[in-house]
Amino acid sequence: MENRRRILVVDDEGPIRRVIEMKLKNRGYDVLTATNGLDGLEIIHTEKPDVVITDIMMPKMDGKSLCEQTNSLKQQRPFLTIVMTCRISPEERSWIARMKNTVLMEKPFSPSKLLEEVEAYFRR
Amino acid sequence: MRSKRIYVALATLLLLGVAMIAHVVLRQEQRKLSQELVDQGTNLVSLLALQPVQDLSGEKANFFLRTLAEYVSPSGLVYCFVHDATGVRIASLGAPDLVSKIPLEIQTVSLYSTELKTQKFPLDGSGQTIYEFAKPILESGGKSGTVRLGFRLPTPSFFSAERVRLMGTVAFFGFAMACFVYYGIVFALRRLNSVSRSLKNEWMEAPSTQKGPERAAGIDQILREFEQGLSVLRGRMKELEKSKLDLETQYGVTSFEKNQLRNILNSMRTGVIITDHQENILHINVYMLRLLDRKREEMIDHPLPEVVAQEKLPALVCHPDMEAQGGKGNAGEVNFPETSPGHVFQVSSTGLQDGEGAVVGRMIMVEDVTNERMAEKAKQEFLAHVTHELFTPLTTIRSYNEMLMVGEVTDTETQKEFYNTILEETERLQRLIQNLLSISKIEMGALTLDKSLVKCEWLVRDCIAAVEGGARKKCITIDTHLPDNLPSLVGDKELLKIALINLLGNAVKYTPEHGKITLSLTAMDNLAVFEVRDTGYGISGEDLPHIFEKFYRSKDPRIAAITGSGLGLGITSEIVHLHGGEIEVQSEPGEGTQFSLRIPREEYYLGKP
């Protein structure tokens, strides 16, 4: 399938990557994974995913930097970024408002909810 | 009375002096007159004796005697007799009764003398002294007659016209001098008197009893007043000396205290500026000078806004409202990048008041709050970190659970894997919570040991079991070197487990795949020594001194990539110390790390609490 939707999961925690990957693959999505923001950034440039799901706290490059550095790319090729965070603070809300096409998802998350969020984006 | 006597004595002395002077003057005068008389008589008699005796008798004699009487008599000539060779008087001038008054022996001596003869005798009845000069007249080798002249010695007069004039002049000058001296002395005395009186009035407690118009007091009185004044002055001098000494002591104490205060201010690790109400700098301490990189003399007495850089002014200067009542206010933060780069300073200002509550200035304090800010930041980072650490296993547990529950995972192998992961994550969460509880207990000083007999066999087994799963995933082998007879020790089993699991957990985390971990236990006399050795990344020399600090995390990217709370080693070290033991670390970057725990083996008696 050439036109399968591509989703990038960036998280340093193996079990979390594993569960998201499984959930999305079960729905027929193409899933790419990265263990830190820097690797994620490279994959975004090379593989051009339709959705990026990223953790905030990661080694090498954190999720926030990843979002900020990819924000300008969304003008030419829009994609959804889902940022997973432990506590959604007012600062994070105002930060997210400045990012294009970006949503916050609170940890611990439900894989079904995450899937709903992704599918809702693709239905748009 | 006394002064009257002095006057009388002075007058007597004066009179005596005058009498003595008059006496001496008269004697001198008389001597001079008699000398003149002798000269005149000698000359005249010698002159007359040169004449032939015939010329002095008869008609010629009368003419000669008249001339003599006319010119010589007024100057004292009393008589003139001319005798012939036989002694008969052939011519005479003078009173007829004179001859009888001249003593006979005088005439005899004169008539029989062959040379000039001078004799002195008192004239009978008149009280006058007569000088007689006689000289023989010598003619053709023989004596032809004798000339006799009698002169009266004139009585010298003290009050001659010349002398009276001289004395008058002297008396005038004397009088003038006396007047001058007198008024000079009186004037000087009056001055002295007034000085002494003012001295008395100035210094003596009781005012002078002599009131009224000033008058020239006697020297006596003045001297007495001077003495009194002097003694009062001496007293005052002593008092002044004493009070000067007191003042010097007070000054010494005050300046000592001032120096102490200045030293205290200068030794403070806080910048202090004290200003007056017009913002002029009265004091600035060494720390502040160092921060501003200025010299004291550039700052003291200068207005603060003039000597402080523009960008620091708002923080240091402008906040008069909060100090108006002598209150304290925090004025904000300021940086000194030139002298103290990277440090943050908190400025606070306190109004200074005098005794009546008026604002006389303010004290500005500049405190280095870098550590506080860093601690705050570290705390926030720690909180974020812990939240992440807690939520990560929770997230895994929840999502895995949901996957299992909704039937998303169908094959049994994956189901088993999911259950295992849930279990591991639960244990991870449990360890983290235990560590957090331990650290909060350590923070509060409330971590205490619940001592009991700990069998090392069980301890080792439990600890290995806790990390086995993680090790297996990374294909790390765990070897145990245990003695045949495993020792027991007295301690807190749960805490010792936490300590060992932290070391083993770190070994698993920071050892790359296919590495090896060795746990060995050695029983010494009084010690149980646990050693955890790994073939991991090792600890750099930079990190080594800090690994037991709370929240410390290595900057090494390989280590930073692995999540951790930065709590484990701090807690382990605390637990070991609570057991009276020691922890040691040896590490070679790239080779591995070895931790040694030496726990004292206490004897355990049953029944011991």
Screening A:R87, A:R123, A:R93 for residues that are exposed (fewer than 15 other Cβ atoms within 10 Å of the Cβ), of a type in the set (K, R) and farther than 26 Å from B:L390 by Cβ leaves only A:R123
Among the candidates B:V99, B:V170, B:V109, residue that is more than 20 Å from B:Q54 (Cα to Cα), of a type in the set (V, I, T) and outside the structural domain of B:S34 (by TED's automatic domain parsing): B:V170
Of these, B:V147, B:V109, which one is aliphatic (A, V, I, L, M) and surrounded by fewer than 15 Cβ atoms within 10 Å (Cβ to Cβ)? B:V109
If we scan segment B:514-523, do we find a residue that is β-branched (V, I, T) and surrounded by fewer than 16 Cβ atoms within 10 Å (Cβ to Cβ)? yes
Restricting to segment B:231-285, count the residues that are among the acidic types (D, E), outside the structural domain of B:F345 (by TED's automatic domain parsing) and surrounded by 12 or more Cβ atoms within 10 Å (Cβ to Cβ). 0
Among (1) of a type in the set (A, V, I, L, M); (2) surrounded by fewer than 16 Cβ atoms within 10 Å (Cβ to Cβ); (3) more than 14 Å from chain A (Cβ to nearest Cβ); (4) over 18 Å from B:P600 (Cα atoms) - the single one B:L453 does not satisfy: (4)
For A:I44, state whether it is away from every other protein chain (no Cβ under 11 Å), in contact (Cβ under 8 Å) with a residue 12 or more places away in the chain, over 22 Å from B:T387 (Cβ atoms) and in a helix (DSSP H, G or I). yes
With criteria (1) part of a helix (DSSP H, G or I); (2) under 23 Å from B:A384 (Cβ atoms), A:I53 comes up short on (1)
Of the listed residues (A:E106, A:E91), the one being within 14 Å of the chain's Cα centre (by Cα) and either within 14 Å of chain B (Cβ to nearest Cβ) or in contact (Cβ under 8 Å) with a residue 40 or more places away in the chain (or both) is A:E106
Does B:V347 fit the bill of being of a type in the set (A, V, I, L, M, F, W, C), under 30 Å from A:L114 (Cβ atoms) and at pLDDT 85 or above? no
In segment B:371-413, how many residues are in contact with a Gly (Cβ under 9 Å, 6 or more places away or on another chain) and farther than 16 Å from A:D12 by Cβ? 1
Would you confirm, using the coordinates I've provided, whether B:E257 is outside any loop (DSSP other than H, G, I, E, B), closer than 21 Å to B:V360 by Cβ, modelled with pLDDT of 90 or more and out of contact with any Lys or Arg (no Cβ under 6 Å at 6 or more places or on another chain)? yes
I'd like the full set of residues that are within 16 Å of B:E427 (Cα to Cα) and of a type in the set (S, T, N, Q), limited to segment B:382-409. B:T392, B:T395, B:T396, B:N401
B:V317 in contact with a Pro (Cβ under 7 Å, 6 or more places away or on another chain), surrounded by 14 or more Cβ atoms within 10 Å (Cβ to Cβ) and at pLDDT below 90: yes
For residues that are touching a Gly at 6+ places or on another chain (Cβ under 6 Å) and small (G, A, S), scanning just segment B:547-595, find the one that is surrounded by the fewest Cβ atoms within 10 Å (Cβ to Cβ). B:G590
(1) within 14 Å of chain A (Cβ to nearest Cβ); (2) touching a Phe, Trp or Tyr at 6+ places or on another chain (Cβ under 7 Å); (3) aliphatic (A, V, I, L, M) all hold for B:V490 apart from (1)
For B:F391, indicate whether it is within 14 Å of chain A (Cβ to nearest Cβ) and in contact (Cβ under 8 Å) with a residue 60 or more places away in the chain. no
What are the pairs, 6+ residues apart or on separate chains, where a residue within segment B:357-382 that is of a type outside the set (G, A, S) has its Cβ under 7 Å from a residue that is assigned to a helix (DSSP H, G or I)? B:V359/B:E323; B:R362/B:E323; B:I364/B:L316; B:V366/B:M288; B:V366/B:L291
Quickly run through segment A:1-38 and pick out the residues that are more than 14 Å from every other protein chain (Cβ to nearest Cβ) and either assigned to a helix (DSSP H, G or I) or of a type in the set (A, V, I, L, M) (or both). A:M1, A:I7, A:L8, A:V31, A:L32
Residues of segment B:2-32 satisfying the condition of being closer than 30 Å to B:L153 by Cα and of a type in the set (A, V, I, L, M): B:L15, B:L16, B:V18, B:A19, B:M20, B:I21, B:A22, B:V24, B:V25, B:L26
Please verify whether B:A375 is modelled with pLDDT under 85, out of contact with any strand residue (DSSP E or B) (no Cβ under 9 Å at 6 or more places or on another chain) and more than 14 Å from chain A (Cβ to nearest Cβ), treating the condition exactly as stated. yes
For segment A:13-48, which residues satisfy the criterion of being surrounded by 21 or more Cβ atoms within 10 Å (Cβ to Cβ) and of a type in the set (D, E, K, R)? A:R18, A:K23
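So, of the residues in segment B:234-282 that are among the aliphatic types (A, V, I, L, M) and without any contact (Cβ under 8 Å) to a residue 12 or more places away in the chain, which turns out to be farthest from B:G361 (Cα to Cα)? Even if it seems obvious, please write down each step before you answer.
Our first condition is that a residue be among the aliphatic types (A, V, I, L, M); within segment B:234-282, this holds for B:237, B:240, B:245, B:247, B:253, B:261, B:264-265, B:268, B:272-274, B:281-282.
So of that shortlist, the ones also without any contact (Cβ under 8 Å) to a residue 12 or more places away in the chain come out as B:237, B:240, B:245, B:247, B:253, B:261, B:264.
On the way: B:M237: 41, B:L240: 36, B:L245: 33, B:L247: 28, B:V253: 25, B:L261: 18, B:I264: 20 Å.
By that ranking, first place goes to B:M237.
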Give the number of residues within segment B:228-243 that are under 27 Å from the mean Cα position of the chain (by Cα) and polar (S, T, N, Q). 1
The correct count of residues that are part of a strand (DSSP E or B) and at pLDDT below 90 in segment A:80-103 is 1
Mind checking which residues of segment B:78-105 are without any contact (Cβ under 8 Å) to a residue 24 or more places away in the chain, closer than 14 Å to B:I137 by Cβ and either under 60 Å from the mean Cα position of the chain (by Cα) or assigned to a loop (DSSP other than H, G, I, E, B) (or both)? B:T86, B:V88
Show the residue pairs that are 6+ apart or on different chains and have beta-carbon atoms under 7 Å apart, the first residue being within segment B:483-509 and farther than 16 Å from B:E574 by Cβ, the second being of a type in the set (G, A, S) and assigned to a strand (DSSP E or B). B:P483/B:A523; B:P487/B:A523; B:P487/B:A528; B:L489/B:A528; B:K493/B:S452
Any chance B:R294 is modelled with pLDDT of 85 or more and outside the structural domain of B:I273 (by TED's automatic domain parsing): no
Of (1) within 21 Å of B:S399 (Cβ to Cβ); (2) free of Cβ contacts under 8 Å to residues at least 24 places away in the same chain; (3) of a type in the set (A, V, I, L, M, F, W, C), A:A97 satisfies every one except (1)
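The values are calculated or read from the model by the stated rules, or taken from the named source; none is laboratory data. Please read all numbers here as calculations on a predicted model, not as lab measurements. Note: ideal-geometry Cβ built from the backbone for every residue, glycine included; neighbour counts use all protein chains shown.
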